[in-house]
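As structure tokens, the structure follows; a few thoughts come after it.
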Amino acid sequence: MALRENNINYSVSNEDIKKLSEQAKKYAEKLNAVFEESHKVVIGQQDALQKILISIISDGHVLLESVPGLAKTLMVKTMAQIFNVDHVRIQFTPDLLPADILGTKIYKNVSGSFVTQKGPIFHNFILADEINRAPPKVQSALLEAMQERNVSIYGDTFELKKPFLVLATQNPIENEGTYKLPEAQVDRFALKILIDYPSKQEELEIIEKNSSEQEDKVKTVISPEEILEIQKFNEKIYADKVVTEYIADIVNATRNPKEYDLDLENMIEFGASPRASIWLMRTAKANAMLNGRGFIIPEDIKAVAHEVLRHRIILTFEAEANGITSDKVIDFVLEKISPP
């Protein structure tokens with residue numbers, strides 16, 4: 001007997017789905033505990049924290065965009081403490097060199113030989129602060145680490161330890177001394193998360209917390225080994241063929257809007273890449289797991305669509321001149337493409 005959910009007849013037995021969902025619920029309980037711990041330190045920003053958690057589950061990198069002072073560094077530090085992983089903050093500047101990130105070889109007089117001095121990239125969580133301030137050579141070095149999960153130092157290749165996550169930040173309001181990130185690098189980020197100002201009530205909590213002697217500390221909830229276990233289970237979350245086709249239609253609509261009766265040809269210069277389809281699937285699975293389900297429903301895809309697609313859709317000059325954003329284009333697509 002096949003499972004039926006949201007009018008979809010999933011071509012898998014109820015018993016298989018039940019086993020997946022039971023395991024997903026166990027992981028969901030632990031992952032929800034991560035939220036509880038993080039809110040001891042980070043006020044508000046629940047959606048951003050959830051999306052960061054989704055990126056960790058799906059083993060993808062994150063690009064965070066916001067004005068300064070909205071707790072981006074604090075989020076990364078807090079998550080690293082909760083997961084008990086090594087973390088480092090790298091401040092990107094125009095004079096940064098690849099060796100400052102990857103490491104280099106140094107000569108030891110005692111042994112008369114060169115030894116490798118590893119750089120800060122050899123941590124689990126990397127906060128690449130103001131990533132768009134670094135020159136192209138540094139971006140290239142970081143790109144290898146992000147994509148291949150290893151680095152090359154003077155002919156020697158070193159594998160990065162797992163879990164490995166790059167959380168990069170960029171400031172959208174200041175362009176002086178910055179370099180535009182190459183599209184190939186931007187495409188390597190699983191999600192692009194926009195962080196907004198806190199509400200007035202959250203602002204009051206922030207003021208109170210930072211003007212008192214009370215210091216909240218978070219405890220470890222999930223170990224690095226458990227993160228890898230969860231990432232492996234995320235691949236097992238069931239996705240039916242009709243859901244896969246829904247993902248393909250969404251991505252294809254950004255490339256061939258006319259085929260879907262979407263009047264977006266003058267707005268989109270380049271549609272989303274195949275990586276968009278891959279990350280829509282992976283992050284939708286992670287969203288399903290957070291909700292204690294062992295299978296994907298269309299709502300999981302919609303929940304992550306903006307973060308997955310917004311940096312992968314290249315708009316025309318005409319669209320930007322008219323104030324059209326990639327988020328608006330995604331809204332048009334999601335409205336037009338009917339879920340299964």
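The values are calculated or read from the model by the stated rules, or taken from the named source; none is laboratory data. Every value quoted in this text rests on a predicted model; they were computed, and no experiment measured them. Cβ sites come from the backbone with ideal geometry, for glycine too, and all protein chains shown count toward neighbours. These area figures cover heavy atoms from the full protein model, side chains too; ligands, DNA and RNA do not enter into them. Shrake-Rupley method; radii C 1.70, N 1.55, O 1.52, S 1.80 Å.
Quick rundown of the values:
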{"read-out": "Matching residues, the stretch 291-316, being hydrophobic (A, V, I, L, M, F, W, C) and free of Cβ contacts under 8 Å to residues at least 24 places away in the same chain", "value": "A303"}
{"read-out": "Where V110 falls short, out of the listed (1) more than 26 Å from I195 (Cβ to Cβ); (2) of a type in the set (A, V, I, L, M, F, W, C); (3) at pLDDT 90 or above", "value": "(3)"}
{"read-out": "Some residue of the stretch 114-129 being over 27 Å from L31 (Cβ atoms) and either out of contact with any Lys or Arg (no Cβ under 9 Å at 6 or more places or on another chain) or of a type in the set (D, E) (or both)", "value": "yes"}
{"read-out": "Unmet criterion (only one of (1) under 27 Å from N32 (Cβ atoms); (2) surrounded by fewer than 18 Cβ atoms within 10 Å (Cβ to Cβ); (3) touching a residue at least 24 places away in the same chain (Cβ under 8 Å); (4) among the β-branched types (V, I, T)) for I278", "value": "(3)"}
{"read-out": "Residue check for L64: touching a residue at least 24 places away in the same chain (Cβ under 8 Å), in contact with a Lys or Arg (Cβ under 6 Å, 6 or more places away or on another chain) and open to solvent by less than 10 Å² (accessible area, probe 1.4 Å)", "value": "yes"}
{"read-out": "Per-region count, the stretch 104-124, residues without any contact (Cβ under 8 Å) to a residue 60 or more places away in the chain, within 19 Å of Q91 (Cβ to Cβ) and open to solvent by less than 90 Å² (accessible area, probe 1.4 Å)", "value": "6"}
{"read-out": "The listed residue being β-branched (V, I, T) and farther than 17 Å from L63 by Cβ, out of V138, V151", "value": "V151"}
{"read-out": "Helices (runs of 4 or more DSSP H) wholly inside the stretch 253-340 containing at least 2 residues that are in contact with a Leu (Cβ under 8 Å, 6 or more places away or on another chain) and over 30 Å from K25 (Cα atoms)", "value": "326-336"}
{"read-out": "Residue match in the stretch 319-331 (condition: surrounded by fewer than 16 Cβ atoms within 10 Å (Cβ to Cβ), of a type in the set (D, E), touching a helix residue (DSSP H, G or I) at 6+ places or on another chain (Cβ under 6 Å) and at pLDDT below 95)", "value": "yes"}
{"read-out": "Single unsatisfied condition, I207 versus (1) over 28 Å from G119 (Cα atoms); (2) surrounded by 12 or more Cβ atoms within 10 Å (Cβ to Cβ); (3) of a type in the set (V, I, T)", "value": "(2)"}
{"read-out": "Evaluation of T78 against (1) closer than 28 Å to V308 by Cα; (2) in contact (Cβ under 8 Å) with a residue 40 or more places away in the chain; (3) surrounded by 14 or more Cβ atoms within 10 Å (Cβ to Cβ); (4) in contact with a Phe, Trp or Tyr (Cβ under 9 Å, 6 or more places away or on another chain) (one fails), failing number", "value": "(4)"}
{"read-out": "Strands (runs of 3 or more DSSP E) contained entirely in the stretch 1-90, each with at least 1 residues that are at pLDDT below 85 and closer than 21 Å to F295 by Cβ", "value": "2-5, 8-13"}
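Okay, residues lined up against (1) touching a helix residue (DSSP H, G or I) at 6+ places or on another chain (Cβ under 9 Å); (2) open to solvent by less than 60 Å² (accessible area, probe 1.4 Å); (3) of a type in the set (F, W, Y):
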| site | (1), (2), (3) |
| --- | --- |
| G155 | no, no, no |
| K161 | yes, no, no |
| L165 | yes, yes, no |
| F189 | yes, yes, yes |
| E202 | no, yes, no |
